Amino acid sequence: MCKAANALKANGIQKGDRVCFYMPMVPELAIGVLACARIGAVHSVVFAGFSANSLADRIKDATCKMVICSDYNDRGAKHIIVKDVVDEALAMGCDSIETVLVHRNTGGKISWHEGRDKWWHEAVDHQPAACPAEPMDAEDMLFILYTSGSTGKPKGVVHTCGGYMVFTCYTFQNVFQYEDGDIYWCTADIGWVTGHSYIVYGPLLAGATTVMFEGVPTYPNASRFWQVCEKLRVTQFYTAPTAIRALMAHGDQYVEGFDLSSIKVLGSVGEPINEEAWRWYDQKVGKGRAPIVDTWWQTETGGILISPLPGITEPKPCFATNPLPGVQPCLLDQEGREIEGNDVEGLLCIKFPWPSILRTTYGDHERCRQTYFAPFDNYYFTGDGARRDADGMYRIIGRVDDVINVSGHRLGTAEIENAINTHPQVVESAVVGYPHDIKGQGIYAYVITGAPVADDNTFRHEILDAVTKVIGPIAKPDKIQIVSGLPKTRSGKIMRRILRKVASGETSNLGDVSTLLNPEVVDEIMDGALND
Ligand code: AMP
């Protein structure tokens, strides 16, 4: 890591400079991130599934000086030329980039820009093995991580050195009850906050052994996770409900027969876990012996805020249960009044700051205030709805804003609409989430075209290509319905409530549609609904 830190310095990176990472789950990603922290540079990791457009937007927003990438990403059976995506992004006006450090992952053929591109091994290997740590203020920036919201482009959530590190270490130790000699494995990608906080910072600050996995849970088959758990004698295993559901769907034979007796704690993160998946995880993986910690938190919270503590909290399927010590959640009604008592539902807010609360959104502090602190005076607004049951335990229901959670990936519906609207034949579109057996939420797009489309199938493929190009394959709609109009209020606002219900297969109980400008489109939309 110190060698990499020296290589960054030798290539002109100084305290405060932004370095962008775009690579698969290789050790060099964690090494590079830590090398930045060592010299006070700010890392901005971009998930390697995002498109060149998305990467370029993030590089420009943070005016990064360097990109660190891999040559290729072997993802399951796919061979993705990562370096090509970087080249494409940099051709989109990323003028701040001076150097691209390329890590040789597969050794496949790539294009090369003399003067700008350098091999990681040539830059790093010969460096001195010691690099003094840069003295940092607790409030100096540690990293930027882009995340989607209801409006506009993704924003760069900023975390700082002191509070973030204290809180990720504290929550890691307590939520996972890590003990010396344990082998902890979080299956997330470092491109998301879970990877930052609970693969890199939390575990390493606690001196833990943390596993990094480059691959997918179903390749070469659906036993991959359990093989690794058995082989490494994993003691704490942390994954997302979407992975659990996908593995469950493959059948029990893929988990049976593996020795998973080393597992002491099972974690879930990223989206609400349904009861069937919770019970399967508990019985088939934990054999009823390993407490499940359903951890609720967000990119903005930096670390886990609501979670059971293994061995202390009575487990309750699908409940994130209780706030961690010091965290003060509350439920508000639409008018911003606190809902007291138990057995109630409302908008989840946090009353007082905690150490790893986001500090700003990069380059736009006002946007941070508007998004999180303006909706309700003196509260941090999470964007989630939650229920507090008779025992005072929290169950997270899901987003109450125009953000959807697809396989644990957070996407703004407006972002997807903007991508769809780049298709020349599209006049307008509206995207909503609907319940999906594996992904948690699927993406349902209603699209208005200027003229009738000649070939439906070709048109749908073009829409998928447009979304892949603008955002990345993770944002591709599962269903595209071509409509002649969208239900709108007299002030011209799309009535998403109706679109969500139709997408969810609910055709009765649509509520009052008489106030719509164009109530007739509702029947048309219902008739053409793509429900399985
Ligand atoms: P991200 O910032 O990408 O990690 O996404 C955060 C969002 O994921 C939250 O606002 C929730 O909607 C959802 N989420 C995260 N953890 C949980 C959980 N344990 N239960 C339910 N939803 C969750």
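The values are calculated or read from the model by the stated rules, or taken from the named source; none is laboratory data. Nothing here was measured: the structure is a model prediction, and the numbers come from that model. Virtual Cβ from ideal backbone geometry, glycine too; neighbours counted across all protein chains shown.
This table checks each residue for (1) surrounded by 15 or more Cβ atoms within 10 Å (Cβ to Cβ); (2) in the same structural domain as Pro477 (by TED's automatic domain parsing); (3) part of a helix (DSSP H, G or I); (4) in contact with a Gly (Cβ under 6 Å, 6 or more places away or on another chain).
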| site | (1), (2), (3), (4) |
| --- | --- |
| Arg497 | no, yes, yes, no |
| Val502 | yes, yes, yes, no |
| Gly505 | no, yes, no, no |
| Asn509 | no, yes, no, no |
| Val521 | yes, yes, yes, yes |
| Ile525 | yes, yes, yes, no |
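Here's a check for you: in region 477-495, which residue that is at pLDDT 90 or above and over 17 Å from Glu524 (Cβ atoms) is surrounded by the fewest Cβ atoms within 10 Å (Cβ to Cβ)?
Asp478
Within region 275-289, can you find the residues that are in contact (Cβ under 8 Å) with a residue 40 or more places away in the chain and over 20 Å from Ala222 (Cα atoms)?
Within region 275-289, Glu275 is the sole residue that qualifies.
May I ask you to list pairs of residues, at least six apart or on different chains, whose Cβ atoms are under 6 Å apart, with the first in region 101-128 being among the charged types (D, E, K, R) and the second being assigned to a loop (DSSP other than H, G, I, E, B) and surrounded by 11 or more Cβ atoms within 10 Å (Cβ to Cβ)?
Arg104/Asp71
With the requirement that a residue be farther than 22 Å from Gln441 by Cβ and part of a loop (DSSP other than H, G, I, E, B), what does region 453-476 give you?
Scanning region 453-476 gives Val453, Ala454, Asp455.
Being within 16 Å of the chain's Cα centre (by Cα), near the ligand (Cβ under 9 Å from one of its atoms) and not in a loop (DSSP other than H, G, I, E, B): is that true of Arg395 here?
On the way: within 16 Å of the chain's Cα centre (by Cα): no; near the ligand (Cβ under 9 Å from one of its atoms): yes; not in a loop (DSSP other than H, G, I, E, B): yes.
Judged against the criteria, Arg395 is not a match.
What number of residues within region 340-375 satisfy the criterion of being surrounded by fewer than 20 Cβ atoms within 10 Å (Cβ to Cβ), aliphatic (A, V, I, L, M) and within 15 Å of Arg395 (Cα to Cα)?
Final tally of qualifying residues: 1.
Sort out which residues of region 100-127 are under 27 Å from the mean Cα position of the chain (by Cα) and β-branched (Val, Ile, Thr), and write them in order of number.
Those that are under 27 Å from the mean Cα position of the chain (by Cα) and β-branched (Val, Ile, Thr): Val100, Val102, Thr106.
Which condition number in (1) assigned to a loop (DSSP other than H, G, I, E, B); (2) touching a helix residue (DSSP H, G or I) at 6+ places or on another chain (Cβ under 7 Å); (3) modelled with pLDDT of 95 or more is the one that Met165 fails?
Every listed condition holds for Met165 apart from (1).
Show me the strands (runs of 3 or more DSSP E) entirely contained within region 29-116 in which 1 or more residues are out of contact with any Leu (no Cβ under 9 Å at 6 or more places or on another chain).
Because the criterion is at least 1 residues that are out of contact with any Leu (no Cβ under 9 Å at 6 or more places or on another chain), the strands (runs of 3 or more DSSP E) in region 29-116 that meet it are 73-75, 78-80, 99-103.
Going through Ala475, Ala430, Ala445 one at a time, which residue ends up being within 16 Å of the ligand (Cβ to nearest atom), among the small types (Gly, Ala, Ser) and closer than 23 Å to Glu271 by Cβ?
Ala475
Go through region 249-260 residue by residue and tally those that are free of Cβ contacts under 8 Å to residues at least 24 places away in the same chain and either touching a Lys or Arg at 6+ places or on another chain (Cβ under 9 Å) or not small (Gly, Ala, Ser) (or both).
Within region 249-260, residues that are free of Cβ contacts under 8 Å to residues at least 24 places away in the same chain and either touching a Lys or Arg at 6+ places or on another chain (Cβ under 9 Å) or not small (Gly, Ala, Ser) (or both) number 1.
I need the full set of residues from region 478-531 which are in contact (Cβ under 8 Å) with a residue 60 or more places away in the chain, out of contact with any Asp or Glu (no Cβ under 9 Å at 6 or more places or on another chain) and on the phi > 0 side of the Ramachandran plot, in order please.
none
Taking the residues in region 377-392 that are within 16 Å of the ligand (Cβ to nearest atom) and part of a loop (DSSP other than H, G, I, E, B) as candidates, determine which candidate is farthest from Arg18 (Cα to Cα).
First, pick out the residues of region 377-392 that are within 16 Å of the ligand (Cβ to nearest atom): 379-389.
Okay, now just the ones that are also part of a loop (DSSP other than H, G, I, E, B), so 379, 389.
Details: Tyr379: 31, Asp389: 44 Å.
Checked region 377-392; the qualifying residue farthest from Arg18 (Cα to Cα) is Asp389.
Can you spot a residue in region 210-220 that is under 26 Å from Ala35 (Cβ atoms), without any contact (Cβ under 8 Å) to a residue 60 or more places away in the chain and either in contact with a Phe, Trp or Tyr (Cβ under 8 Å, 6 or more places away or on another chain) or in the same structural domain as Glu256 (by TED's automatic domain parsing) (or both)?
yes
When you check Val453 against the structure, is it more than 16 Å from the ligand (Cβ to nearest atom) and either more than 24 Å from the chain's Cα centre (by Cα) or of a type in the set (A, V, I, L, M) (or both), yes or no?
Yes: the conditions hold for Val453.
Looking at the structure I just gave you, is Tyr362 within 14 Å of the ligand (Cβ to nearest atom), in contact with a strand residue (DSSP E or B) (Cβ under 8 Å, 6 or more places away or on another chain) and within 30 Å of Arg18 (Cα to Cα)?
No: the conditions fail for Tyr362.
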